[in-house]
Structure formats: C-alpha cells, structure tokens
Amino acid sequence: MRIGVVTFPGSLDDRDAQRAIRLAGAEPVALWHGEHDLHGVDALVLPGGFSYGDYLRAGAIASLSPIMAEVIDAANGGMPVLGICNGFQMLTEAHLLEGGLIRNEAGRFICRDQQLRIENSTSDWTTGFTANQEITIPLKNGEGSFMASSETLERLEGEGRIVARYIGVNPNGSLGDIAGVTNARGNVVGLMPHPEHAVEAGFGPDTAQAMSSGVDGLTFFTSVIARALVNA
Amino acid sequence: MSVIVVEVMPKAELLDPQGKAVARALGRLGQTQFSAVRVGKRFEITVDGPADAAALAAVTELADSVLSNSVIEDVVGIHVVESVAAAAAVN
C-alpha cells in the first residue's frame, strides 16, 4: 500500500508521518502542495505543522493549495484521509470535516502526552482499536479547541462520529472533550493529537512498563493498511 | 483605486483567548474600567478601478468563503473607502 504525505510550506511533521507509515508496513510517498498530482497513492496524510505560519486562520491558506482540489476529490470518492493537527485544521477549512478549531482556552501552547479514548473503531483509520480503547499519544498545539454549532455537535455525537475524546484532562477547551472526528463515510479523520510521534519504542510516550515505550499511534496507520487489504 | 474593507470577528458566543489576554494586560496597567476585549481582523482589499457592485459582490462572496470561517467567525462589516491612506485617516 502507498500512502501519500502532503508537504505544505510550514509543515513540520511530514517526515515523521512518512516514518510512521514505513514502520506500519506501507510505502510513504512524498507529495507537494503545489502540484495537481496524488501520484496514484491509496491513502493520504495531511501532516502537522504551521502551514503559512497560521496566517488568516490555521490551515486556511493550505486548504486552498493546488493539491487540495485532488485531495477533496479523492476524499469524496472514498480514499482514506487522515489530517493530524494542522492537517485536521485544513480538513475543516476544506469542509471535508465539520466544526472548526480555535485558540486553546488557556491561551497557551500545549505540549504533553495525552490520554484519549477511541470512541469510533469503525473509521478507516481506527479499525485496529477495540471499542473505547484508551491510548496515550503526544499532543502539541496552540489552536486545538474544537468548536461546532450545537446542531452539528448533536449530529456528530448521534452518528458516532467522535473518533477520539480527551480523558483525564481537557487540554484546550474542546467542546465535548473532542480530540478527533470523522466524516459520515468514515474515510476522512481529523485528529488534534499526533499518532505519528508514538510509533516506535524508545521514542514514544512513557508507559507503565518502560520510559518512552508507547506505540499507541501506530494502530492508526496499521488500521488503514488492514482496511486496504480487506478491500483488495 | 478604491479599497474595500472587510471586518471579521470571532463569534460572540465563542471564547476569545486572545482578547482575554489583552483584557488582563489592560487590567495590569490599571485600566480597570474596561471589562472585556475581543480581537478581530480587518482586511483592506485594493481594487483596480472602481469599487462597483461587481467588485463588492465578489468581495462579499470571498468574505464568507475565504476571509472568514462561519463555524468560528462572523463577517461584521464590509465598506468602501477611497484609498488605503483614507482608510487609515478614517480611524
């Protein structure tokens, strides 16, 4: 399986996303924001970072990039798309996901290992998790507070489209402790925390067993690979 | 050349952490008569030629689709001024 990672001006975690894809067992394909070409990939990751320095709104200018026309077409056609942090912001700005992200409630940039509960284990990126599995992956953002109208929120909750919720502490004031959501089809997922930073023992969050041994993020990537094999 | 000014504010019902931080700073300066600050954005868009109905319609459309995100922001004003200098002078 080939999974594309789009690099935008100001992307930071594109190489980490490529590494996560490789460790999960797929082939990462570097894609460029200025091209109209997805190079025939089977899935897409929009990585974290500060595209265009968060000018206008976080993710807003990147969501208007040339390649986003192809990303939107592919997503609407059912291709699995994962937006992480700034990528999540782009997906909301591109109207592929509902809701929006605003500055953290406390006004501070938050960087911590964050506990989450995976509440939707049927999306293309979460089938490898058990229902309500609790995981820990890094979180690092300044504008991660998820907002939506009460009608939208009710619909997301009612349709089981909350992918992940913060547990222990709500770090940024997100409505309903929401850390990630999916679209109705379950192929497009946006996550504020960073699964790509918890994919290799020695470089992940601490666990009860050993320091830096957390690899809970890997399951997002192995899920989409397993999904592709089932569909093949 | 005319200038079309677009003003965007965070939705009133949403928390504005930036405004809150500014308000706290004002309080530290002893300016205790101000109870709240909200921070928004102002865009000054220069038009080649007159700011006619077509230009205004285009800017109005862009104000909703690009310059603001209706999930978290409201467009609170669109108006025309003679030039960027005039826009500055007005204020």
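Condition check ((1) among the polar types (S, T, N, Q); (2) more than 27 Å from A:Ile102 (Cα to Cα); (3) assigned to a strand (DSSP E or B); (4) away from chain A (no Cβ under 13 Å)) across all residues:
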position	(1), (2), (3), (4)
B:Val5	no, no, yes, yes
B:Leu14	no, no, no, no
B:Phe34	no, no, no, yes
B:Glu44	no, no, yes, yes
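Number of residues in segment A:199-231 that are aromatic (Phe, Trp, Tyr) and part of a helix (DSSP H, G or I): the value is 2. The residues on offer are B:Val39, B:Val76, B:Val81, and the sole one that is surrounded by fewer than 17 Cβ atoms within 10 Å (Cβ to Cβ) and in contact (Cβ under 8 Å) with a residue 60 or more places away in the chain is B:Val76.
Within segment B:47-91, restricting attention to residues that are of a type in the set (S, T, N, Q) and not in a loop (DSSP other than H, G, I, E, B), which residue is farthest from A:Ser145 (Cα to Cα)? Looking at residues that are of a type in the set (S, T, N, Q) and not in a loop (DSSP other than H, G, I, E, B), I get B:Thr60.
Enumerate the strands (runs of 3 or more DSSP E) found wholly within segment A:154-194, keeping only those where 1 or more residues are among the polar types (S, T, N, Q) and under 16 Å from A:Leu44 (Cα atoms). I'd like the intermediate steps shown before the answer.
Numbers: elements: A:162-166, A:178-182, A:188-191.
Answer list for segment A:154-194: A:178-182.
Scanning segment A:173-211 for residues that are touching a Phe, Trp or Tyr at 6+ places or on another chain (Cβ under 8 Å) and within 14 Å of another protein chain (Cβ to nearest Cβ) yields A:Ser174, A:Leu175, A:Ile178, A:Val181, A:Gly190. Only residues that are within 17 Å of A:His95 (Cα to Cα) and surrounded by 14 or more Cβ atoms within 10 Å (Cβ to Cβ) were counted in segment A:149-164, giving 7. For segment A:175-201, the set of residues classified as at positive phi and crowded, with 19+ Cβ neighbours inside 10 Å consists of A:Asp177, A:Gly186, listed by residue number.
What are the residues in segment A:73-93 that are more than 14 Å from chain B (Cβ to nearest Cβ) and of a type in the set (A, V, I, L, M, F, W, C), if any? Reasoning before the result, please.
In the first step, residues of segment A:73-93 are kept if they are more than 14 Å from chain B (Cβ to nearest Cβ); the result is A:73-87.
Passing the criteria: A:Ala74, A:Ala75, A:Met79, A:Val81, A:Leu82, A:Ile84, A:Cys85.
Within segment B:16-32, track down each residue that is more than 14 Å from chain A (Cβ to nearest Cβ) and either closer than 30 Å to B:Glu82 by Cβ or in a helix (DSSP H, G or I) (or both). B:Leu26, B:Gly27, B:Arg28, listed by residue number. Would you check if there is a residue in segment A:165-174 being crowded, with 24+ Cβ neighbours inside 10 Å and in contact with a Lys or Arg (Cβ under 6 Å, 6 or more places away or on another chain)? Within segment A:165-174, not a single residue is crowded, with 24+ Cβ neighbours inside 10 Å and in contact with a Lys or Arg (Cβ under 6 Å, 6 or more places away or on another chain). Going residue by residue through segment A:4-18, is there one that turns out to be under 21 Å from A:Gly204 (Cα atoms) and without any contact (Cβ under 8 Å) to a residue 12 or more places away in the chain? Looking through segment A:4-18, at least one residue is under 21 Å from A:Gly204 (Cα atoms) and without any contact (Cβ under 8 Å) to a residue 12 or more places away in the chain.
Condition check: more than 12 Å from the chain's Cα centre (by Cα) and under 28 Å from A:Pro66 (Cβ atoms). Does A:Leu191 satisfy that?
On the way: more than 12 Å from the chain's Cα centre (by Cα): no; under 28 Å from A:Pro66 (Cβ atoms): yes.
So A:Leu191 fails the test.
Confirm whether B:Ala53 is among the small types (Gly, Ala, Ser), under 16 Å from the mean Cα position of the chain (by Cα), more than 23 Å from A:Leu64 (Cβ to Cβ) and more than 12 Å from chain A (Cβ to nearest Cβ). No, not satisfied.
Go through segment B:60-69 and report how many residues are more than 9 Å from chain A (Cβ to nearest Cβ) and closer than 16 Å to A:Ile61 by Cα.
Step one: filter segment B:60-69 for residues more than 9 Å from chain A (Cβ to nearest Cβ), giving B:60-65.
Adding the requirement that they be closer than 16 Å to A:Ile61 by Cα leaves B:62-65.
Number satisfying all stated conditions: 4.
Is one or more of the residues making up segment B:3-11 at pLDDT below 95 and farther than 16 Å from A:Leu56 by Cα? No: zero hits.
Tell me yes or no: at least one residue of segment A:126-138 is surrounded by 20 or more Cβ atoms within 10 Å (Cβ to Cβ) and either without any contact (Cβ under 8 Å) to a residue 24 or more places away in the chain or of a type in the set (D, E, K, R) (or both). No - not one qualifying residue is present in segment A:126-138.
The values are calculated or read from the model by the stated rules, or taken from the named source; none is laboratory data. This structure is a prediction, so every number in the text was calculated from the model and none was measured. Neighbour counts are summed over all protein chains in view; Cβ atoms, including those assigned to glycine, are modelled from backbone coordinates with ideal geometry.
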